[in-house]
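Just so you know, all these numbers are worked out from the coordinates, no wet-lab data involved. Just so you know, these numbers come straight off a predicted model, no measurement behind them. Note: ideal-geometry Cβ built from the backbone for every residue, glycine included; neighbour counts use all protein chains shown.
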Amino acid sequence: MTKSQETFPVTAGDLNIFHARVIADQQITFVIEFSKSLDIDKLTVALAVLHEMLPILSSTIHRQGSRFQRIRIPGHRTVISIVSEPAHPMEEIVRFIGSSCHPEREPPVKLLLLRDHSEDKLCFKIDHTISDAAGLRYLLFLFAEAYTTARITQPINYNRGFGQVFGRFSPVSLLKAAWRANLPIPGGALWHGSLEGDETFVEHVFLETIRFERIREEAKRSNATINDVLLAGLYRAVFTYLPPEDATAYPVMVPVDMRRYLPEERRGVIANLSSAVYPRLVKIPNEARGDTLRRIKGCMDKIKQDQPGLGAMFLMTVGALRGGKMLRDRYRQAAARGSRFINHTNFGVLDETRLIFGQVPIKQAYGVGPIQYAPGVLIALSTFRDTLHLVVQGKGNEQFRGFVRGFLEAIRHHLG
């Protein structure tokens with residue numbers, strides 16, 4: 001490294017994802033389908049504006065012993081991969097989003113544009129070692145503004161560290177939160193077949209507006225959140241795969257966007273600023289749907305009373321000391337046992353008032369999460385125009401893909 005090279009810190013959140021690559025192929029994508037063609041020149045300008053405002057997007061990870069940092073590649077600009085009139089558009093999308101990330105060799109942002117009879121599909125992908133889904137969503141809003149106006153006026157928070165969250169709590173509160181953090185081992189695998197095979201696939205189901213409205217009404221009637229209802233549907237699907245006699249409390253990983261603790265004007269940060277909580281429910285045979293919802297609401301209400309995610313975030317920071325050796329060892333142990341977590345990741349709402357690409361109409365948009373290696377499953381939920389998308393990117397044989405497809409359909413069924 002020369003003295004003239006621009007460097008950026010690698011945060012505890014970044015290190016957590018860097019070492020977690022042994023259990024998941026860490027990349028996040030948003031797919032946007034348009035009903036007209038985008039302007040290539042405007043896309044190019046928008047990318048240039050992004051790189052000017054966020055030079056970290058032109059960097060790669062470098063490590064020397066236990067020291068990690070990002071170093072900017074001078075003059076780098078993201079190149080848009082363009083495929084015209086693809087014979088099988090979905091296969092092109094799966095190939096693109098499923099290609100491995102190499103954060104030590106490649107800058108973190110990649111774009112694919114499929115041009116099919118004047119209707120474009122844009123895939124915007126980021127390496128998870130630099131940002132979580134909330135950060136990518138915000139980056140997409142910045143990109144849309146730059147496409148439309150050739151500039152960015154939305155606020156950007158360049159502080160990517162956990163300290164800005166911890167600074168809002170007393171040391172005693174942080175230690176108490178870490179002591180109470182619930183970090184269970186994964187539940188039993190729901191898939192018991194062969195794990196051989198490495199074909200990447202994407203399974204995608206959605207709930208149209210009328211069904212999503214019923215979820216919203218159910219949440220209101222039950223004094224619950226929409227996410228409570230979604231988790232109840234997930235748990236009822238999980239219970240169909242558990243043996244009748246299973247009486248263990250099954251944990252589900254629910255990521256928490258820690259931007260919730262920051263002032264509104266500081267939440268536009270492209271970073272790994274996420275933690276997690278782990279609700280746990282016991283299977284009750286023949287339980288009514290409303291009773292499952294009441295139980296998950298009670299579980300989540302209890303979690304929310306205690307600064308959700310703060311304890312796990314503090315432990316993550318401790319684990320990141322010495323280059324994340326503790327994190328590395330933890331994930332290696334998890335990989336040796338086989339990652340079995342069911343991860344319920346809500347990417348949130350893609351606000352159509354902020355996702356405007358000039359005069360080009362958008363048909364639909366949804367998020368795709370990382371590949372969590374089998375038998376674990378990461379479900380990415382996202383909402384656009386009151387349509388709820390549930391997407392799993394996986395890797396395995398056709399039998400495992402069939403299990404994932406059936407699991408998603410079971411969730412959709414139990415959501416009514």
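For the chain, the Stokes-Einstein estimate of translational diffusion at 20 °C and a viscosity of 1.002 mPa s comes to 97 µm²/s, using the Kirkwood hydrodynamic radius over alpha-carbon pairs.
Using a 10 Å Cβ count of at most 12 others and DSSP loop calls, identify the longest part of the chain lacking such GluC sites (Glu not before Pro).
Working: sites that count: E104, E196, E208, E245, E352.
So the longest stretch without any such site is 246-351.
In this simple spin-label model, placing a label point 7 Å from the Cα along the Cα-to-Cβ direction at both R180 and K220 gives a separation of 3.2 nm.
With contacts taken as Cα pairs under 8 Å and at least 6 residues apart, the chain reaches a relative contact order of 26 percent. Applying both filters, DSSP loop and at most 16 other Cβ atoms within 10 Å, to the trypsin sites (Lys or Arg not before Pro) of the stretch 139-237 gives R151, R168.
Show that you can apply the helix-only estimate: for the chain, add -39,500 (n - 2.57) for every DSSP H stretch of four or more residues, divide by all residues, and state [θ] at 222 nm to the nearest 500. Please report the intermediate quantities before stating the final value.
Details: 12 runs with 152 residues, N = 416.
Computed ellipticity for the chain at 222 nm equals -11500 deg cm²/dmol.
Modelled spin labels at E264 and N227, positioned 7 Å past Cα toward Cβ, are 2.0 nm from each other. For G396, what charge total do you get from the other residues with a beta carbon under 10 Å from its beta carbon, if Lys and Arg give +1 and Asp and Glu give -1? Taking every other residue near G396 into account, the sum is -2.
For the stretch 56-133, the pair-distance distribution built from all alpha carbon pairs, in bins 5 Å wide starting at 0, is 3, 14, 22, 20, 15, 12, 7, 4, 2, 1, 0 percent. Listed by chain and number, the aspartates and glutamates whose alpha-carbon sits under 15 Å from that of K363, ignoring those within fewer than 8 places in the same chain, are E33, D116, E119, D120, E208, D351, E352, D386. Working from label points 7 Å from Cα in the Cα-to-Cβ sense, the E6 to R95 distance is 3.4 nm. Averaging 1/r over every pair of different alpha carbons in the stretch 1-159 and inverting the result gives a Kirkwood radius of 16.6 Å. Residue-wise HN-Hα couplings along the stretch 350-355, as the Karplus relation 6.51 cos²θ - 1.76 cosθ + 1.60 with θ = phi - 60° gives them from phi, are 7, 5, 5, 6, 10, 10 Hz; Gly and Pro carry x. Exposure proxy shown here: for T317, T78, T7, the number of other Cβ atoms within 10 Å sets the order, fewest to most, as T7, T78, T317.
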